[in-house]
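Student: Structure below; questions to follow.
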Amino acid sequence: MPVLTRLIPSPVVVDIRPGALDDLGCVLADERISQSGRLAIAVSGGSGARLRERIAPSLPGADWYQVGGGTIDDAVRLASDIKGSHYDAVVGLGGGKIIDCAKFAAARVGLPLVAVATNLAHDGLCSPVATLDNDAGRGSYGVPNPIAVVIDLNVIREAPVRFVRSGIGDAISNISAVADWELAHRVNGEKIDGLAAAMARQAGEAVLRHPGGVGDDGFLQVLAEALVLTGIAMSVSGDSRPSSGACHEINHAFDLLHPKRAAAHGEQCGLGAAFAMYLRGAHEESAAMAEVLRRHGLPVLPEEIGFTPDEFVRVVEFAPETRPGRFTILEHLDLKTEQIKDVYADYVKAIGS
Ligand SMILES: [Zn+2]
């Protein structure tokens, strides 16, 4: 009998707990990621500087690099700064921008990347993608998965609560994204990766069903794990399919049509997911999702993030154009303006105010 198996690109270390940051040097040494302690650590000027003060004494062999922002130029500059210094690894210590900069720079100089996330705003912290601003707007660059992911729940608690809320919306939207993937499989015969779909959906369901709130360590643990597993699900499938469907097309449409007024990524994705579930006829699931989003202080109606119903209708209409080639419930139904207005009115009634 043939033994068939596959290797999954995944981090060697996943360390999620209160106090994880204080043990960073030991964990990297124990796991042979950095036995010499020679690390290039990328941080931001603000919260990163404070963390640096706290943990620098425990990492005597590290050099610290302050990263300006989340542009391709920042990432290229970081790569040229660290090149030739014989580090064991690059550490991205911060939010999404810093980690994505460090991911790109590490890939460019051929070093492994250790992602130390200081907030839980989205599922990009462990994904094989670096999202960076470039001259043409924003680009997604394929990079290796991080070799280690470290999330200190005490640090997460220090970040503004809206970052945690954003991560909740992003994780829960997996449920809608996987439903879109299954739809594309049924209607178009698109290949579905069952393992990636399972990981992403279970991550979303775990967050959806957890009774805790943004202040509980138990809930933060599950949320952080969900976001990490979602990133690995994207590595398994080789694209963002497990976590990005109509929910994310709606999010991109908010960003593109209203770049100055757009809300947080996960706020828009969560709202997009609750609406997309309603569109696909999963009315109970949509209402349950809306209830949980509300409980965590996330928006379920466009007015709650400053958009009129008409603006939202336009966002939904424009959404399919943001991801050409991706088939979701939006492309499937191909609704005209008046139809979107009608179904939106039904959605508002169904979830209640
Ligand atoms: Zn997302």
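Student: Under 19 Å from the mean Cα position of the chain (by Cα), in a strand (DSSP E or B) and surrounded by fewer than 21 Cβ atoms within 10 Å (Cβ to Cβ) - does that describe any residue in region 63-84?
Tutor: yes
Student: When residues of region 225-268 are filtered for being among the polar types (S, T, N, Q) and in contact with a strand residue (DSSP E or B) (Cβ under 8 Å, 6 or more places away or on another chain), how many remain? Spell out the reasoning first.
Tutor: Taking region 225-268 and keeping what is among the polar types (S, T, N, Q), we get 230, 235, 237, 240, 243-244, 251, 268.
Remaining after also requiring in contact with a strand residue (DSSP E or B) (Cβ under 8 Å, 6 or more places away or on another chain): 240.
Number satisfying all stated conditions: 1.
Student: Are any of the residues in region 150-165 part of a helix (DSSP H, G or I), under 28 Å from A79 (Cβ atoms) and either of a type in the set (D, E) or within 16 Å of the ligand (Cβ to nearest atom) (or both)?
Tutor: Yes: one or more hits.
Student: Quick check: is even one residue across region 192-212 in contact with a helix residue (DSSP H, G or I) (Cβ under 6 Å, 6 or more places away or on another chain), at pLDDT below 95 and of a type in the set (A, V, I, L, M)? So that I can check it myself, show each step before the final result.
Tutor: So in region 192-212, the residues in contact with a helix residue (DSSP H, G or I) (Cβ under 6 Å, 6 or more places away or on another chain) come out as 192-193, 195-197, 199-201, 203-204, 206-208, 210, 212.
Filter once more, so that each one left must be at pLDDT below 95: none.
Looking through region 192-212, none of the residues is in contact with a helix residue (DSSP H, G or I) (Cβ under 6 Å, 6 or more places away or on another chain), at pLDDT below 95 and of a type in the set (A, V, I, L, M).
Student: Here is a follow-up. Output the number of the condition that I175 fails; it satisfies all remaining conditions of (1) in the same structural domain as V91 (by TED's automatic domain parsing); (2) within 16 Å of the ligand (Cβ to nearest atom); (3) buried (at least 24 other Cβ atoms within 10 Å of the Cβ); (4) of a type in the set (V, I, T).
Tutor: All conditions are met except number (1).
Student: Tell me yes or no: at least one residue of region 86-101 is in a loop (DSSP other than H, G, I, E, B), modelled with pLDDT under 95 and not polar (S, T, N, Q). So that I can check it myself, show each step before the final result.
Tutor: Of all residues in region 86-101, those in a loop (DSSP other than H, G, I, E, B) come to 86-88, 95.
Still in the list and also modelled with pLDDT under 95: 86, 95.
Add one more test, that the residue is not polar (S, T, N, Q), and what stays is 86, 95.
Taking every residue of region 86-101 in turn, at least one turns out to be in a loop (DSSP other than H, G, I, E, B), modelled with pLDDT under 95 and not polar (S, T, N, Q).
Student: May I pose another question? Taking the stated definitions as given, is A184 part of a helix (DSSP H, G or I), surrounded by 24 or more Cβ atoms within 10 Å (Cβ to Cβ) and not assigned by TED's automatic domain parsing to the domain that holds K103? Steps first, please.
Tutor: On the way: part of a helix (DSSP H, G or I): yes; surrounded by 24 or more Cβ atoms within 10 Å (Cβ to Cβ): no; not assigned by TED's automatic domain parsing to the domain that holds K103: yes.
Judged against the criteria, A184 is not a match.
Student: Among the residues of region 275-319, count how many are part of a loop (DSSP other than H, G, I, E, B) and without any contact (Cβ under 8 Å) to a residue 12 or more places away in the chain. Talk me through it step by step, then tell me what you get.
Tutor: From region 275-319, those part of a loop (DSSP other than H, G, I, E, B) are 280-282, 296-301, 306-308; that's our starting set.
Subsequent filtering for residues that are without any contact (Cβ under 8 Å) to a residue 12 or more places away in the chain retains 281, 308.
Residues in region 275-319 being part of a loop (DSSP other than H, G, I, E, B) and without any contact (Cβ under 8 Å) to a residue 12 or more places away in the chain: 2 in total.
Student: Another one. Return yes when I98 is without any contact (Cβ under 8 Å) to a residue 60 or more places away in the chain, away from the ligand (no atom under 16 Å from the Cβ) and crowded, with 21+ Cβ neighbours inside 10 Å and no when it is not.
Tutor: Details: without any contact (Cβ under 8 Å) to a residue 60 or more places away in the chain: yes; away from the ligand (no atom under 16 Å from the Cβ): yes; crowded, with 21+ Cβ neighbours inside 10 Å: yes.
Yes.
Student: Ok, one more. Taking region 205-249 as the region of interest, how many residues are among the basic types (K, R) and within 13 Å of the ligand (Cβ to nearest atom)? Don't jump to the end; show me each part of the working.
Tutor: So in region 205-249, the residues among the basic types (K, R) come out as 209, 241.
When the remaining residues are screened for being within 13 Å of the ligand (Cβ to nearest atom), the result is 241.
Number of matching residues: 1.
Student: If you go through region 312-320 one residue at a time, do you hit one that is within 18 Å of E182 (Cα to Cα), modelled with pLDDT of 95 or more and either among the aliphatic types (A, V, I, L, M) or in the same structural domain as S166 (by TED's automatic domain parsing) (or both)? Full working, then the answer.
Tutor: In the first step, residues of region 312-320 are kept if they are within 18 Å of E182 (Cα to Cα); the result is 320.
Then keep just the ones that are modelled with pLDDT of 95 or more; that gives 320.
From what's left, either among the aliphatic types (A, V, I, L, M) or in the same structural domain as S166 (by TED's automatic domain parsing) (or both): 320.
Looking for residues that are within 18 Å of E182 (Cα to Cα), modelled with pLDDT of 95 or more and either among the aliphatic types (A, V, I, L, M) or in the same structural domain as S166 (by TED's automatic domain parsing) (or both), one finds at least one in region 312-320, hence yes.
Student: Restricting region 283-300 to residues that are in contact with a helix residue (DSSP H, G or I) (Cβ under 7 Å, 6 or more places away or on another chain) and aliphatic (A, V, I, L, M), which is surrounded by the most Cβ atoms within 10 Å (Cβ to Cβ)?
Tutor: Kept after step one, since they are in contact with a helix residue (DSSP H, G or I) (Cβ under 7 Å, 6 or more places away or on another chain), are these residues of region 283-300: 283, 285-287, 289-290, 292-293, 296-300.
Filter again for aliphatic (A, V, I, L, M), leaving 287, 289-290, 292-293, 298, 300.
Values: A287: 18, M289: 29, A290: 25, V292: 20, L293: 26, L298: 27, V300: 25.
Once the filter is applied, the top-ranked residue is M289.
The values are calculated or read from the model by the stated rules, or taken from the named source; none is laboratory data. What you see is a predicted model; the values in this text were computed from it and never measured. Ideal geometry is used to build each Cβ from the backbone, glycine not excepted, and the neighbour counts take in all protein chains shown.
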